[in-house]
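Only one structure is covered here, and it is reproduced in the block below.
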Amino acid sequence: MGRGRPPLDLESWGRVQRLVHYGSPAALVYFRDADGKRRRMIRTGRTYAEAERNLMKALKERLTPTYEILTRESTLGALAKQWVDEIKREEKAIATISRYSSTIRSHVEPSAGLRLFECTVPRLQRLVHGVADGSGPGAARMLIVVLNGMFTLAVRLGALETNPAAMLKGPRRRRKEVVAPTLEQIHLLRELLAAHDRRDTARGVVIRDLGDIGDILIATGARIGEVLALRWSDIDLENRTLTIRATIVRSPGQGAVIQERPKTDSSTRRLKLPSFALDVLTRRRLDAYCELAFPASGGAVRWPENIRTQWAHAVRGTELEWMTPVSCRKAVATYLEAAEDIEAASEQLGHSSSRITSRFYVPVKIDRSDFSSRLDALGGGAQAS
């Protein structure tokens, strides 16, 4: 017994038929839709030729996807565009999208004409090495992140069977020595920031609150962008709490804007305020004229780099010239780790893991317990009981 006519290929159509539909020339066709089902489409026109043109146009609109279908013959540039569109649909953070897009413009677009099948592991590895040599290891590591995301999409869409970027090796991350301020240095820092504000007062500078910003950094261990994004709705003076739920980022074409989420999911946190921070915020609330707790002139958003510049002026020529706003974060982590434990420090800073806190924010302790009296026995001496 015959098996009948074989099905049409997916998203294709059969022979066009001409007929009269309600008195008008028409064209009819059966097509196999994206879901595999066979459907009928009919269009009319003043002539049969016009009816067929209308039918073809409607078929293409129905069956052509809004994005380019990726194949192994597609270009690296086409893949990059689709990947950026996807991460935008996923509502990634503004700063993340900006960072990825910048990496694509600088390091992927020069090779945008490569076909996907030409993007072998050796060829991509040479690209990574070139970026490491020309732009530094950080840029090379970011390129690997971007390429891995792009080629994961290519595999998911069926353009490639394997992800060549998954096998790339980035430059080794050299561990820098963590230096955290001591309590005495934090106290001196507060004096220097306050003195800088007094000098600005004498010069007629409108905004003189570097000392206030420094106090909140010291009291919370927050990032500078998180502090500048604080709104009065985030601060509960009665219950002595402050909630970190946003940060400041630079958006292309807009400048400094509030991103309605901090750096990571674990960065969203409610913190109890020590008395000196509560005093600062209570005083500022009385003079507040806008929703931002630390606004620029006219209530605008402040860019963290401007604060870093003022900070550098405040500590210039002193023993604390090496300190930046992130030094306060390290001081909080180090102090809490010593007073409580590393988990307490990690919780305060909003890290997803205490390993991050330990590696990047707390100095390595080189002093060990004193076992010298025990070890005397190995040298023939008496061992302490």
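Past 22 Å, Cα to Cα: identify those pairs from LYS88/LYS176; LYS37/LYS57; LYS37/LYS81; LYS37/LYS60; LYS37/LYS88, in the order given. Display every interim value, and only then the final one.
On the way: LYS88/LYS176 34 Å; LYS37/LYS57 20 Å; LYS37/LYS81 31 Å; LYS37/LYS60 17 Å; LYS37/LYS88 32 Å.
With Cα atoms farther than 22 Å apart: LYS88/LYS176; LYS37/LYS81; LYS37/LYS88.
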**OP:** Give the angle, between 0 and 90 degrees and rounded to the nearest 10, that separates the Cα long axis of helix 137-156 from the longest principal axis of the Cα atoms of the chain.
**Re:** 30 degrees
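Of the peptides 343-354, 108-119, how do they stack up when ordered by the mean number of other Cβ atoms within 10 Å, highest first?
Top of the packing list down: 343-354, 108-119.
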Subject >> THR282-ARG72 FRET efficiency (beta carbon distance; Förster radius 51 Å; 0.05 resolution) >> reply: 0.20
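Express the relative contact order of segment 258-326 as a whole percentage, based on alpha carbon pairs under 8 Å and six or more residues apart in sequence. Please report the intermediate quantities before stating the final value.
Details: 22 pairs, mean separation 10.8, N = 69.
Taking the mean separation of contacting Cα pairs over the length of segment 258-326, I get 16 percent.
Applying a 10 Å radius around every beta-carbon, put 35-43, 90-98, 149-157 in order of their mean neighbour count, most first. Working shown, then result.
Details: 35-43: 12.2, 90-98: 15.0, 149-157: 18.7.
The most tightly packed comes first, giving 149-157, 90-98, 35-43.
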Original post:
Nearest 10 degrees, 0 to 90: what angle lies between the long axis of helix 304-315 and the longest principal axis of the chain (Cα atoms)?
Top reply: 20 degrees
Original post:
Given labels modelled 7 Å from the Cα in the Cβ direction, how far is it in nm from ALA166 to GLU109?
Top reply: 3.0 nm
Original post:
Once amide H atoms are placed 1.01 Å from N in the peptide plane, what residues at a sequence separation of 5 or more from LEU114, or on another chain, have their amide H within under 5 Å of its amide H?
Top reply: LEU76, GLY77
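Using a ≥ b ≥ c from the Cα gyration tensor of segment 76-167 (square roots of the eigenvalues), is it rounded, prolate or oblate, where a/c under 1.5 gives rounded and otherwise the larger of a/b and b/c decides, a/b for prolate?
Details: a/c = 1.71, a/b = 1.04, b/c = 1.64.
It is oblate, given that a/c is not under 1.5 and a/b is not larger than b/c.
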Original post:
How high is the relative contact order of segment 12-63, given as a whole-number percent (alpha carbon pairs under 8 Å, six or more residues apart)?
Top reply: 30 percent
Original post:
By the gyration tensor of its Cα atoms, with a ≥ b ≥ c the square roots of the eigenvalues, what is the shape of segment 183-360: rounded for a/c under 1.5, prolate for a/b over b/c, or oblate?
Top reply: rounded
Original post:
Non-local amide H neighbours of VAL362 (under 5 Å, H modeled in plane, Pro and chain starts lacking H): which ones?
Top reply: none
Original post:
Stretched out fully, how many nm does the piece from VAL155 to PHE371 gain, at 0.36 nm a residue minus the Cα gap?
Top reply: 72.0 nm
Original post:
The list (i) 32, 27, 21; (ii) 59, 31, 20; (iii) 60, 26, 19 gives values of semi-axes √(5λ) of the Cα gyration tensor in Å, and only one came from this structure; which label was calculated from it?
Top reply: (ii)
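I need to check one value: relative contact order of the chain, counting alpha carbon pairs closer than 8 Å and at least 6 residues apart, in percent.
Values: 531 pairs, mean separation 44.2, N = 385.
Relative contact order for the chain comes out at 11 percent.
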**OP:** Just add up the charged neighbours of ASP35: K/R +1, D/E -1, any other residue whose Cβ is under 13 Å from the Cβ of ASP35.
**Re:** +3
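DSSP loop GluC sites (Glu not before Pro) in segment 153-257 with at most 12 other Cβ atoms within 10 Å of their Cβ, which ones? Kindly include the intermediate steps, with their values, before the conclusion.
Details: sites: GLU161, GLU177, GLU184, GLU191, GLU226, GLU238; in loops: GLU161, GLU177, GLU238.
Listed in order of number, the matching sites are GLU161, GLU177, GLU238.
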**OP:** Using a cut-off of under 16 Å, list every residue of segment 16-42 whose amide N is near the label point 7 Å from the Cα of ALA58 along the Cα-to-beta-carbon line.
**Re:** 16-33, 39-42
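Identify the trypsin sites (Lys or Arg not before Pro) of segment 157-251 meeting these criteria: DSSP loop state and at most 12 other C-beta atoms within 10 Å of the C-beta. The partial results should precede the final answer.
Numbers: sites: LYS169, ARG172, ARG173, ARG174, ARG175, LYS176, ARG190, ARG198, ARG199, ARG203, ARG208, ARG223, ARG231, ARG240, ARG245, ARG250; in loops: LYS169, ARG172, ARG173, ARG174, ARG175, LYS176, ARG208, ARG223, ARG240, ARG245.
Listed in order of number, the matching sites are LYS169, ARG172, ARG173, ARG174, ARG175, LYS176.
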**OP:** Compute the acute angle (0 to 90°) between the alpha-carbon long axis of helix 325-339 and the principal axis of greatest extent of the alpha-carbon atoms of the chain; round to the nearest 10°.
**Re:** 70 degrees
Subject >> segment 182-255 versus segment 284-360: alpha-carbon centroid distance in Å >> reply: 7 Å
Original post:
Which value at 222 nm does the chain reach when only helices count, each DSSP H run of 4 or more adding -39,500 (n - 2.57), with the total divided by all residues and rounded to the nearest 500 deg cm²/dmol?
Top reply: -14000 deg cm²/dmol
**OP:** For segment 273-378, state which chymotrypsin sites (Phe, Trp or Tyr not before Pro) are in a DSSP loop and have at most 11 other beta carbons lying within 10 Å of their beta carbon.
**Re:** TYR289, TRP322, PHE371
**OP:** Springs between alpha-carbon atoms under 10 Å, Gaussian network over the chain: tell me which of VAL179, VAL364, VAL315 tops the mean-square fluctuations.
**Re:** VAL364
Original post:
Using a Förster distance of 35 Å, how high is the FRET efficiency between ARG173 and LYS272, based on the Cβ-Cβ distance and rounded to 0.05?
Top reply: 0.55
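Values quoted throughout were computed directly from the atomic coordinates according to the rules given, and no laboratory measurement underlies them. Model, not experiment: these values are computed from the prediction. No Cβ is skipped: glycine too gets one built from the backbone with ideal geometry, and neighbour counts run over all protein chains shown.
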